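The values are calculated or read from the model by the stated rules, or taken from the named source; none is laboratory data. Every value quoted in this text rests on a predicted model; they were computed, and no experiment measured them. Here the Cβ is made from the backbone with ideal geometry for all residues, glycine too, and neighbour counts use every protein chain on show.
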Amino acid sequence: MENSLFLRITDDTLKSLYTKLDLLGLDQLDISLSDGKLQVEFEDGTIYIVNRQLASQQLWLAEPKGGWRFDYKDELWICDKLETDIFETIIKLIGQKLSF
């Protein structure tokens, strides 16, 4: 994929993820988005980061228990280990963290 297309797709994905997380209305989360990096900070200081990796053309999700890599397949970002999309994965991780 051309770099310009990758950047556009990742920008759109990160904006969409930001919006979906914001719509959850969880006061326990501080969500920020800047230059290809989405950061989710919890009240206890725990941070999850989703950022783009241009060289590998992946999205990466880092959280205290590990890191996850996502490849763009069939218009979804799919985790190479979990075989779930990025939206499903981060919602599940946040749910586990907040016990919902």
Among the residues of region 54-78, the number that are at negative phi, free of Cβ contacts under 8 Å to residues at least 12 places away in the same chain and not in a loop (DSSP other than H, G, I, E, B) is 5
Would you tally the residues in region 51-73 being of a type in the set (A, V, I, L, M) and in contact with a Lys or Arg (Cβ under 7 Å, 6 or more places away or on another chain)? 1
List every residue pair whose Cβ atoms sit under 6 Å apart, with the two residues 6 or more apart in sequence or on different chains, where the first one lies in region 85-100 and is under 14 Å from residue 16 (Cβ atoms) and the second, anywhere, is of a type in the set (Phe, Trp, Tyr). 85/77; 86/70; 86/77
Subset of region 68-100 (residues that are among the polar types (S, T, N, Q), out of contact with any Phe, Trp or Tyr (no Cβ under 7 Å at 6 or more places or on another chain) and under 15 Å from residue 38 (Cβ atoms)): none
Does residue 42 count as touching a residue at least 12 places away in the same chain (Cβ under 8 Å), within 14 Å of residue 94 (Cβ to Cβ), surrounded by 14 or more Cβ atoms within 10 Å (Cβ to Cβ) and not charged (D, E, K, R)? yes
May I ask you to list the residues in region 25-45 that are part of a strand (DSSP E or B) and of a type in the set (D, E, K, R)? 30, 37, 41
Collect the residues in region 47-76 that are small (Gly, Ala, Ser), farther than 19 Å from residue 29 by Cβ and within 12 Å of the chain's Cα centre (by Cα), keeping them in residue-number order. 67
So which residues in region 34-53 are modelled with pLDDT under 95 and under 14 Å from residue 5 (Cα atoms)? 36
I'm trying to understand the selection: among the residues of region 63-100, which are over 16 Å from residue 51 (Cβ atoms), surrounded by 13 or more Cβ atoms within 10 Å (Cβ to Cβ) and among the acidic types (Asp, Glu)? 85, 88
